[in-house]
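**Student:** Would you mind keeping the following structure in view while I ask a few things?
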Amino acid sequence: MASRSSSEPERTRASRVGGWCVLLIAALAMTLLAACVTVRPEDKEFLAEPAMTFGSGGEARAQDEHVFVNREGSFGAGGVSGGGCGCN
Amino acid sequence: MQLRLPRPAAAAATAILLLGAGVARAESGIGTTTTFFHESGGALDMTVLTPSAHATVDMGEAATVSARWEADVVSGASVAVVDAPGGTVDAITSATTLSDVRHVFGGSLTFNDDNTSLTGTYDYGFEEDYRSHGMSISARAEMFERNTAFEVSYARGWDRVCTLLQPRAQEAVDRSRLPNADGCFQAEMERDTVDVSLQTFQGGWTQAWTPVLTTQLTLTAQILNGFQGNPYRAVWLGRTAAQEHHPENRARYAAGLGVRFWVKPLRGAAQLFGRLYRDSWGVESFTGEIAYDQAILAGLRLKARGRYYTQIGASFYSDDYQRFPQGQYFTGDRELSPMSSVTVGGQLTWDVPGNEEGDVLGFLGGLEIVGKADLIFHDFSEFHYGRAEVPTDTALMATFGIEAIF
């Protein structure tokens, strides 16, 4: 019992460190992946359309979320403002 | 006077959504939007009118200031004591009327650079039985020829809820529900206030992959501490009814992925969205949304959408606490039961075309008018009022908005 109680916190700590390492590696991989993508400014005609811009719904979108947050048991990850298209 | 909305979540959502609105706009303008929500069935009904207005002033190239107001005008009839033995049929006959108005005033300040921005917001909300203060800060950076945008934000909320004055050491099963909001925040002897603290962390990665494909990944974590039940609602436990009793701590995690694809032959955009959610109360959910946005005339766009939502209920949820108690906690909140919903609707957006100089109506830089309507069909398969099913399982949501840019 004594060895089990001493190893469990160590395993928890190792698991946390492992989790942070995975997150760090994922973030680095994400940045590298993003850096490899090239869409030239002159090719962004369609990306600049409002229908292609995240968060372009403004207040109507916010009130939409407001209703769903109050009618469901979950919350979050509904999106952030647009971008990534070089048009705002 | 019995508002039955989970306000802590709503306040946090307001703060986060304010962030998005603040960052996205860098032009002076004003706008107003109103949403009408209605559901009814049997003796129950709920109507919420949500008007809002905002103004944004561009202070040169470096800063933007905005102010915002929003209200929730709520009226209807709800069940105060869930599962109470109510004669021959069900507890719905004990429905009580409610009405309340919530106001939120807020402002934001954004500092802009060529590729970065920093936004701070503050908002204050109040109603008869609730007070909330919320602050948030967000940072955003665009890089790699603006094909990539990263955004991080943090929101903090301090809320206070009115409840019935009762001994703090009293057992939860002996607590009574708040009968009405009379005397709340007025040093009334029979009223008390309890705190709710909120912290919300959010990160977003928006990426343009090709000239016709863009994605957005959003991660959210939220920590809530304090009173998270509805002070007006009681649950029948067998011999008596007690004010619903939720855990004081809740950690919530969500990940969402949006994909937008431009369909060249049709000159329209296909939009997909998926979200996974879980929290420390045992609620797990999936949201899937598909939409198509089509340009039909100059400046006129029509959007159709469908949304599906499903969730596993909280670990302490029971449809009948008299026969199947789930530990020390009990709730009468249908949003904590296993449930699903389907939403279908459409939106019409008119970006009013300008003259040769680009002016609209001779003095505006832009004018956008939005109208949308959705029908929401709920399925509360494991939530009943006594033996009766939830009668208010269909809702209408309609929004109208005007946005003018100077």
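**Student:** List for the stretch B:145-180: residues with 30 Å² or greater reduction in accessible area, all protein chains versus chain alone, probe 1.4 Å?
**Tutor:** SASA drop of 30 Å² or more in the stretch B:145-180: B:Glu145, B:Arg146, B:Asn147, B:Phe150, B:Glu151.
**Student:** In addition: May I ask you to find the residues of the stretch B:314-362 that are shielded by at least 30 Å² of accessible area once the whole protein assembly is considered instead of their isolated chain (probe 1.4 Å)?
**Tutor:** Residues meeting the cut-off: B:Glu335.
**Student:** On average, how much accessible surface per residue is there in the stretch B:7-405, in Å², for a 1.4 Å probe, leaving out ligands, DNA and RNA?
**Tutor:** Numbers: 17280 Å² over 399 residues.
About 43 Å² of surface per residue is accessible.
**Student:** Gap in Å between the Cα centre of the stretch B:39-74 and the Cα centre of the stretch B:276-325?
**Tutor:** Answer, in whole Å: 22.
**Student:** Let me ask something additional. Let me have the 222 nm mean residue ellipticity of chain B computed from DSSP H runs of 4+ only, each contributing -39500 (n - 2.57), with the sum over all residues rounded to the nearest 500. Please list the in-between numbers first.
**Tutor:** Numbers: 1 runs with 18 residues, N = 406.
Taken over chain B, the calculation gives -1500 deg cm²/dmol.
**Student:** Now a separate question. Points 7 angstrom from Cα along the Cβ direction at B:His133 and B:Met59: gap in nanometres?
**Tutor:** Simple spin-label model gives 2.2 nm for this pair.
**Student:** I would also like to ask the following. Checking buried surface per residue: for the stretch A:35-65, which residues lose a minimum of 50 Å² accessible area in the protein assembly relative to the chain alone (1.4 Å probe)?
**Tutor:** A:Val37, A:Val39, A:Phe46, A:Leu47, A:Ala51, A:Met52, A:Phe54, A:Glu59, A:Ala60, A:Gln63, A:Asp64
**Student:** To the nearest 100 Å², how much accessible surface do chains A and B cover up together, summed over both, with a 1.4 Å probe? Can you show the working numbers first?
**Tutor:** Values: alone 7930 and 20240 Å², together 22300 Å².
Approximately 5900 Å² gets buried when A meets B.
**Student:** Also: Using a cut-off of 16 Å between alpha-carbon atoms, which lysines can reach B:Lys303, once sequence neighbours fewer than 8 places away in the same chain are excluded?
**Tutor:** Straight-line reach from B:Lys303, under 16 Å: B:Lys372.
**Student:** Quick one: net charge around B:Glu403, please, counting Lys, Arg +1 and Asp, Glu -1 for every other residue with C-beta under 9 Å from its C-beta.
**Tutor:** Values: positive: none; negative: A:Glu59, B:Glu368.
Result for the neighbourhood of B:Glu403: -2.
**Student:** What is the helix-to-structure angle for B:7-24, meaning the angle in degrees between its Cα long axis and the longest Cα principal axis of chain B, kept from 0 to 90 and rounded to the nearest 10?
**Tutor:** 0
**Student:** Let me ask another. When the accessible area of the stretch B:139-288 is split by element with a 1.4 Å probe, what percent falls to carbon and sulfur? Can you show the working numbers first?
**Tutor:** Numbers: 3920 of 6630 Å².
Whole-percent figure for carbon plus sulfur exposure: 59.
**Student:** Can you give me the long-range amide H partners of B:Leu165? Hydrogens built in the peptide plane at 1.01 Å from N, cutoff under 5 Å, separation of 5 or more residues or another chain.
**Tutor:** For B:Leu165, the qualifying residues are B:Arg191, B:Asp192.
**Student:** Tally Lys and Arg at +1 and Asp and Glu at -1 over the other residues with C-beta under 12 Å from the C-beta of B:Phe286: what net charge comes out? It would help to have the intermediate numbers written out before the result.
**Tutor:** Values: positive: B:Arg275, B:Arg278, B:Arg307; negative: A:Glu72, B:Glu284, B:Glu289.
Spelling it out: positives minus negatives among the neighbours equals 0.
**Student:** About the Cα centre of chain B, how large is the charge dipole given +1 on each Lys and Arg Cβ and -1 on each Asp and Glu Cβ? Please answer in debye to the nearest 20. Let's see the in-between values first.
**Tutor:** Values: 31 positive and 48 negative charges, 148 e Å.
For this selection, approximately 700 debye.
The values are calculated or read from the model by the stated rules, or taken from the named source; none is laboratory data. Predicted model, so just to flag it, every value in this text is computed and none were measured. We place every Cβ from the backbone using ideal geometry, glycine too, and count neighbours over all the protein chains shown. Surface accessibility is based on the protein's heavy atoms, side chains included, excluding ligands, DNA and RNA. Shrake-Rupley method; radii C 1.70, N 1.55, O 1.52, S 1.80 Å.
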